[in-house]
Amino acid sequence: MSDQPPVAQLAAATLSDAAVVPKHEFSDRVPIRSILGRPDGGSALAGQRARVGGWVKTGRKQGSGSFAFLEVNDGSCPMNLQVIVDSAVADLGLLVPTGTCVALEGVLKAPPEGTKQKIELRVEEVVHVGPVDPAKYPLPKTKLTLEFLRDVVHLRPKTNTISAVARIRNALAYATHTFFQKHGFLYVHTPIITTSDCEGAGEMFQVTTLINEADKVEKELIKNPPPSEAEIEAAKLLVKEKGEAVAQLKSAKASKADITASVAELTKAKEKLSKLEERFKLKPGIPQKDGKIDYDHDFFARQAFLTVSGQLQVETYACAVSSVYTFGPTFRAEQSHTSRHLAEFWMVEPEIAFADLKDDMNCAEAYVRFLCSWLLDNCLDDMEFMAKNFDKTCIDRLRMVASTPFERISYTEAVEILVDSVKGGKQFENKVEWGIDLASEHERYLTEVKFQKPVIVYNYPKGIKAFYMRLNDDSKTVAAMDVLVPKVGELIGGSQREERYDVIRDRILEMGLPLDPYEWYLDLRRYGTVKHCGFGLGFERMILFATGIDNIRDVIPFPRYPGRADL
């Protein structure tokens, strides 16, 4: 053991660690972030040996081809490490094309004074080269549009923009789990395949094996046509004959061996008949009953869909373990080609028992502000990239949201504000009157023009909200709330849930929905009902808000939208 006091040990460790290049825990390389992400930009590491791996962003030969400069990036940060390779060490022609993968070992050295780099790598050994044919590589050094990159979705993570979005997305996901875990929420995985909300089938993706099975049957029937009625009758006659033969042997008290052999023949005849009858019943196409698709033959023996929300299912856990959240993919089969819609997207959906609408608003505001602070504290380099290339106001917007209490107004107050703005000369494409579902232009006016900060609108008309939202005492509005933010409008939608059995049952019937699919949901109100609330945050919308990127297809790794589902 050291004789030094603990504080002195810590100081000594800090000093010695400053000159050490930390390797990746599960690799023999040093992440470039570990070098360039230091407060000194890596300058204190001069003289240290390091092995790095990454992809060449730019490469150029210098000194009449005697050496080359490479800008190498490994995705750990937006910054590139400058690398110098002599022609004596490797074939420079293989190294300089954009997109080439390299693993390089050498010594970190301070560059000449006056250069922007704080440190560079002088290569002594090229450990690996993943070459690229520059004539065929789809991502040249020229500036590429985000629209173009959607056509090479498998390669676009190699670009500065998409890799930055990936790190920001990762940071927001980590922050999401950190926030809810810190506040005592339990993470619950809700099903992707659901049989709830059958009435929403028009906007839901159906999950079925009926089509595949119908295709299989059709191919089978072409290859092996079904038996005729005559063949079925002949097989029945054979079974009858074999049965009579067994009966005769038994009445004649024949030997056990003879009876056993006869029974075996009868069994064989019955099996053949059964198979023939089964094949006789095979019909091409999807099975039907009373003129409708017969889902009894489907995989789950009922209609099933990809989920549009994990909310209903996660409520079952909120009504048992109090504070929960789910964070997963959700699906909408809308034929929408806007910059705000995807067919597959991610939702964060917390649910809190023993809590009302005010608690819901408090949680939503605290969560959004936490996300903004987290990006500023942990992802500032990527946010600076976004500010430089997409939206110069994005960092200021994060700072404003992180530090400013949200405005809270009722839906009725919001409509009055919008009506007054129209009287003052403001023009909206969508008419403003009490009872409408606020459009994006209305939401953005409230948050960007009127209040210039996030706004929570609450107590919406019951006619434009779901059956599960708690009916207010006025019987006209429900305890719903939306969090509106600059740039995107609605970021969060939530409500206090209707916990009164009679009221929610009446609401389901009032909206023309069948009770049967919701009996399990009603059980939560029958057995130990509890006041509870929750909300959903569209994860991609949060990334749009943070980055200033315009199209939602560019903030999800593999966008799915009408006509496109690459990979």
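The values are calculated or read from the model by the stated rules, or taken from the named source; none is laboratory data. Just so you know, these numbers come straight off a predicted model, no measurement behind them. Here the Cβ positions follow ideal geometry from the backbone for every residue, glycine too, while neighbour counts run over all protein chains shown. Protein only, heavy atoms only, side chains kept; ligands, DNA and RNA dropped before computing areas. Shrake-Rupley method; radii C 1.70, N 1.55, O 1.52, S 1.80 Å.
Does at least one position in segment 310-319 carry a residue that is crowded, with 17+ Cβ neighbours inside 10 Å, in a loop (DSSP other than H, G, I, E, B) and not small (Gly, Ala, Ser)? No, there is no match, as no residue in segment 310-319 is crowded, with 17+ Cβ neighbours inside 10 Å, in a loop (DSSP other than H, G, I, E, B) and not small (Gly, Ala, Ser). Please go through segment 507-546 and give me each residue that is part of a helix (DSSP H, G or I) and hydroxyl-bearing (Ser, Thr, Tyr), ordered by number. Across segment 507-546, the qualifying residues are TYR518, TYR521.
Comparison of PRO134, PRO140, PRO191 shows that the only residue that is modelled with pLDDT of 95 or more and part of a loop (DSSP other than H, G, I, E, B) is PRO191.
Residues in segment 228-279 that are surrounded by 14 or more Cβ atoms within 10 Å (Cβ to Cβ) and of a type in the set (Val, Ile, Thr): ILE232, VAL239, VAL246, ILE259, VAL263. Could you please find all residues in segment 429-479 being surrounded by fewer than 19 Cβ atoms within 10 Å (Cβ to Cβ), more than 28 Å from the chain's Cα centre (by Cα) and in contact (Cβ under 8 Å) with a residue 40 or more places away in the chain? Across segment 429-479, the qualifying residues are PHE451, PRO461. Among the conditions (1) open to solvent by less than 70 Å² (accessible area, probe 1.4 Å); (2) at pLDDT 90 or above, the only one that PHE300 does not satisfy is (1). Within segment 360-385, the set of residues being surrounded by 23 or more Cβ atoms within 10 Å (Cβ to Cβ) and small (Gly, Ala, Ser) comprises just one member, ALA364. Do we find a residue being over 19 Å from the mean Cα position of the chain (by Cα), surrounded by fewer than 16 Cβ atoms within 10 Å (Cβ to Cβ) and basic (Lys, Arg) anywhere in segment 170-186? Yes, segment 170-186 contains at least one residue that is over 19 Å from the mean Cα position of the chain (by Cα), surrounded by fewer than 16 Cβ atoms within 10 Å (Cβ to Cβ) and basic (Lys, Arg).
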